[in-house]
1. Order the following by accessible area, largest value first: Val56, Val146, Val160. Probe radius 1.4 Å; ligands, DNA and RNA are ignored.
2. How do Val41, Val133, Val84, Val15 rank by accessible surface area computed with a 1.4 Å probe, from largest to smallest?
3. Grab every C-alpha pair in region 31-70, bin the distances at 10 angstrom width from 0 up to the longest one, and report whole percents.
4. At 1.4 Å probe size, put His109, His164 in order of accessible surface, largest to smallest.
5. Divide by every residue of the chain the summed helix terms, -39500 (n - 2.57) for each DSSP H run of at least 4, and state the resulting mean residue ellipticity at 222 nm, rounded to the nearest 500 deg cm²/dmol.
6. Under the classification rounded if a/c is under 1.5, otherwise prolate if a/b is larger than b/c and oblate if not, where does region 61-144 fall, given a ≥ b ≥ c as square roots of the Cα gyration tensor eigenvalues?
7. Region 95-138: percent of C-alpha pairs farther apart than 13 Å?
8. At 0.36 nm per residue, minus the direct Cα-Cα distance, what do Glu96 and Asp143 gain on full extension? Give it in nm, one decimal, please.
Amino acid sequence: EADAARQLDPSAMSVRGNTSWLAYLSRRTEPALSEGRSLRVLDPESAYGAFSHGLVCARVGPADETIAAFRDAVRLSDRTTLYVIMLAYGLAVCGEAAEARPLLDEVRHRSETDFVWPMGLAMAHAALGDIDVALDHLQLAYDERVGWMQLIGREPAFDVLRGHPRFEALLERAREKE
């Protein structure tokens, strides 16, 4: 269906982004990366395109490309909280914990006035090896009924949590809610 939608409107960012995400969640790395890169070409000034590209790159792309994509998302969005979280995630995945942690501190301060996506925080903390903190954020996401919770079983960022009893319990409860 995603391929049919893309053929109908090849320039639609939402279709291209969703195509990239579906490939990413299906662990089809080459199509995900190719589609993520095409988003940047389609609209180089799109924060969403940069974010989608970064998300895919974080799992399968080069570190410099990952970080550049997330930095662009932050810049193009005037530091939207979601994109700051995802830059922290990208930095953590690429081994730049010293740069990722201050961004998470910034987001923590923002949480006093802004919505902070707990799934993104879980992803960033999982990538940093902060397993209990990541699981706390996933529990919060579950409690707040964050829609992305239904995808935790497919989300590659949570591979590091697989097998942990708290993660497996959350996964089971999320599946029951589907």
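The values are calculated or read from the model by the stated rules, or taken from the named source; none is laboratory data. The structure displayed is predicted, hence computed values, not measured ones. Keep in mind that these areas ignore ligands, DNA and RNA; they rest on the heavy atoms of the full protein, side chains included. Shrake-Rupley method; radii C 1.70, N 1.55, O 1.52, S 1.80 Å.
1. On the way: Val56 0, Val146 20, Val160 85 Å².
Result of the area sort, largest leading: Val160, Val146, Val56.
2. Numbers: Val41 120, Val133 60, Val84 0, Val15 35 Å².
Ranked list, largest accessible area first: Val41, Val133, Val15, Val84.
3. With 10 Å bins starting at 0, P(r) equals 40, 57, 3.
4. Result, largest first: His109, His164.
5. Details: 10 runs with 126 residues, N = 178.
Rounded to the nearest 500, the figure is -22500 deg cm²/dmol.
6. On the way: a/c = 1.92, a/b = 1.25, b/c = 1.54.
Cα axes put region 61-144 in the oblate bin.
7. On the way: 494 of 946 pairs.
Tail fraction, whole percent: 52.
8. Details: separation 47, 0.36 × 47 = 16.92 nm, distance 3.03 nm.
Contour length minus Cα-Cα distance gives 13.9 nm.
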